[in-house]
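Here, each number is a calculation from the coordinates, and none is a lab measurement. Remember, it's a predicted structure, so these values are computed and weren't measured experimentally. When we count neighbours, we look across all protein chains shown, and the Cβ atoms used for this are built from the backbone with ideal geometry, even at glycine.
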Amino acid sequence: MLRSTLLAASRSRGVRRLVEANPLTKPVVHRFIAGTTPDDAVHAIRSLAAQGMYVTLDHLGEDTLDAAQATTTVRAYQRMLRTLSETGLTDRAEVSVKLSAVGQFLPTDGEKIALDNARLICEAAAQAGTTVTLDMEDHTTTDSTLGILRDLRVDFPWVGAVLQAYLHRTEQDCRDLATEGSRVRLCKGAYSEPASVAFQDKGEVDRSYVRCLKALMNGSGHPMVATHDPRMIAIATDLAARAGRSPDSFEYQMLYGIRPEEQKRIAAEGGRLRVYVAYGDEWYGYFMRRLAERPANLAFFLRSLITQ
Ligand code: FAD
């Protein structure tokens, strides 16, 4: 109930105005978001790299219905990729892209525009010497996103995708994508989805996550285990060992600011750990999804508004 209310609020312009206008929001937001500028992102990458970790960078923005805004987002990614190259950080950092931020929802030719824009970002990544992962949004976009992935991988076989274990279809998608060179980030899923397409019970989502992990670990692609759940992490480690995988043939991924001690532990023990670092001005939707994932975060947020 609380989760779906927060996810509904994440799409409400009224609540967005209220949250953004409150000056006390900022310090809490900074727990999850590295800052607003490329320099802030570079600072976060350097600090995580010094601890042996890798990064995927998200220039915040989603759901644009404006072609000019989509182009602005593409330029921001191109600038960021140039910065990564100039600062020698491409061996530590790649980028994550939401197709809705580069035109997928535009009423005319949205899918084609998103593909063309994603291609521009992939070209910039190829020049810089790094990779791109396509984030996954709500279930109405899954087919379109996987279609765009297929097209991009013809020229850029290293483009990765995200699959969400809460969707009924995902186990099969994992089997289909567990092929040589295929980078798949498996997460539980962050959106509010109907029972017709998604498991509603947390136990069922976890069981689906394990089935998906098995498909990915036993395949020949590069699984990216995106979860903060200690049980899922332990199961992934075990499945990777049983499949005879070397530590660099798969990776763990977590969000910036969430379970940082566990992030350090995995990296210190020789696991490949990548942190999803979000930066930029459009932090509202991302921030609200993080609150929805954990009631304690909401309590922390409300308490800080009261006590500051
Ligand atoms: P949960 O069962 O939700 O949590 C397990 C434990 O992790 C909790 O008990 C708590 O200790 C800790 N935890 C989890 N979330 C939080 C939080 N917000 N704050 C503090 N502690 C927390 N979802 C998408 O739908 N599309 C994507 O493209 C996408 N990309 C992602 C990329 C990465 C690298 C990661 C890590 C997640 C991504 N997600 C994405 C979000 C994901 O779907 C989940 O919503 C999120 O990771 C919480 O699920 P969990 O697996 O951590 O397990």
Formal net charge of residues neighbouring residue 142 (Cβ-Cβ distance under 10 Å; K, R +1; D, E -1): -3
Gyration tensor (alpha-carbon) shape descriptor, region 34-282, a/c threshold 1.5: oblate
Rounded to whole Hz, the Karplus (6.51, -1.76, 1.60) HN-Hα couplings of region 198-206, x for glycine and proline: 9, 5, 9, 8, 4, x, 5, 5, 4
Reachable aspartates and glutamates from residue 214, criterion Cα separation under 12 angstrom, eight or more residues apart if same chain: 171, 238
Region 183-266 shape via C-alpha gyration tensor axes, a/c threshold 1.5: oblate
Share antiparallel - DSSP beta bridges, region 34-282, percent rounded to 5: 5
Sequence-distant lysines (8 or more away, or on other chains) whose Cα lies within less than 30 Å of residue 112: 98, 188
Cα gyration tensor shape of region 119-198, rounded if a/c is under 1.5, else prolate or oblate by comparing a/b with b/c: prolate
Mean Cβ count within 10 Å, highest first, over the residues of peptides 229-241, 172-184: 172-184, 229-241
